[in-house]
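First the structure, then my questions, so here it is.
The values are calculated or read from the model by the stated rules, or taken from the named source; none is laboratory data. Quick caveat, the model's predicted, so the values are computed rather than measured. Virtual Cβ from ideal backbone geometry, glycine too; neighbours counted across all protein chains shown.
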């Protein structure tokens, strides 16, 4: 699969059907994903495999994933969406 096809698939997979999640994931995918490190790209793809309820709780800041890599990418998404309570993407 070529890079463009993979990115299109990823963009589609970022559409969760829950507006609260979509407004954070879609812009992040379109504007930030390609500039992430390979490790962070893997973590983002893993994030998309998680349940919507978990993603929503993480992105809203109610809790963070136990997995450090997922926690880091959640904080990066929150920061990119303008969440001023995120001071560092370090988990």
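Testing residue 69 on (1) buried (at least 17 other Cβ atoms within 10 Å of the Cβ); (2) assigned to a helix (DSSP H, G or I), one condition comes back false. Which one is that?
(1)
Scan 4, 15 and give me the residue that is in a loop (DSSP other than H, G, I, E, B) and at pLDDT below 95.
None of the others qualify; the one that does is 15.
Test of understanding: among 22, 54, which residue is part of a helix (DSSP H, G or I), without any contact (Cβ under 8 Å) to a residue 12 or more places away in the chain, out of contact with any helix residue (DSSP H, G or I) (no Cβ under 8 Å at 6 or more places or on another chain) and surrounded by 14 or more Cβ atoms within 10 Å (Cβ to Cβ)?
On the way: 22 fails: surrounded by 14 or more Cβ atoms within 10 Å (Cβ to Cβ).
Criteria check complete, one pass: 54.
From the list 46, 78, which one is in a helix (DSSP H, G or I) and exposed (fewer than 15 other Cβ atoms within 10 Å of the Cβ)?
Values: 78 fails: exposed (fewer than 15 other Cβ atoms within 10 Å of the Cβ).
Testing whether each residue is in a helix (DSSP H, G or I) and exposed (fewer than 15 other Cβ atoms within 10 Å of the Cβ) leaves just 46.
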